[in-house]
Ligand SMILES: [Zn+2]
């Protein structure tokens, strides 16, 4: 491989994998999870971690709540996050409110100014993709890898100095 400097590097600082940069992996995951309800359970952490690692494509006003959702996931686990996410969806279906109910997130720190961090110890473009799938070795293994990416995301953002 004789890639020049800067070639194949993602916005998050990671080196591109066989499928490309993280955006390629992210879109691959979104496509595969549509047909796989068990994989879809990690949809919210996948979206939040991806956007926090690649904030140039994100809506800035949602990054803070997405950061808090990831902290809740690390703290209380996937089922707790799914309950909170379902609650937010149900809430927005009724009436015209389109904001988040912040009560479940009150114990978690806000997004530090001065980001984004230039490096995360786990990236989407490092996820294994074999036999045309992200879950070829099972959903639990996939979930553990997503959890590692989430922990890396929270850790790096927490280390940002304003
Ligand atoms: Zn990336």
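Out of curiosity, is residue 72 in contact (Cβ under 8 Å) with a residue 12 or more places away in the chain, away from the ligand (no atom under 14 Å from the Cβ), assigned to a helix (DSSP H, G or I) and closer than 25 Å to residue 107 by Cα? The answer is yes for residue 72. Within segment 10-21, residues that are more than 9 Å from the ligand (Cβ to nearest atom) reach partners that are assigned to a strand (DSSP E or B) and modelled with pLDDT under 95 with beta carbons closer than 8 Å, at six or more positions or on different chains, in the pairs 15/9. Applying the set (1) within 13 Å of the chain's Cα centre (by Cα); (2) farther than 14 Å from residue 149 by Cα; (3) modelled with pLDDT of 95 or more; (4) surrounded by 17 or more Cβ atoms within 10 Å (Cβ to Cβ) to residue 16 leaves exactly one unmet item: (1). For segment 120-134, the count of residues that are free of Cβ contacts under 8 Å to residues at least 60 places away in the same chain and in a helix (DSSP H, G or I) is zero.
Can residue 35 be described as over 15 Å from the mean Cα position of the chain (by Cα) and surrounded by fewer than 21 Cβ atoms within 10 Å (Cβ to Cβ)?
Yes: the conditions hold for residue 35.
Exactly one residue among 113, 104 is away from the ligand (no atom under 16 Å from the Cβ), loosely packed, with under 13 Cβ neighbours inside 10 Å, at negative phi and touching a residue at least 24 places away in the same chain (Cβ under 8 Å), and that residue is 113.
Condition check: surrounded by 13 or more Cβ atoms within 10 Å (Cβ to Cβ), away from the ligand (no atom under 16 Å from the Cβ) and in contact (Cβ under 8 Å) with a residue 40 or more places away in the chain. Does residue 80 satisfy that? It is false that residue 80 is surrounded by 13 or more Cβ atoms within 10 Å (Cβ to Cβ), away from the ligand (no atom under 16 Å from the Cβ) and in contact (Cβ under 8 Å) with a residue 40 or more places away in the chain.
The values are calculated or read from the model by the stated rules, or taken from the named source; none is laboratory data. Note that the structure is predicted; figures quoted are calculated from it, not measured. So basically every Cβ, Gly included, is an ideal-geometry build from the backbone, and we count neighbours across all protein chains shown.
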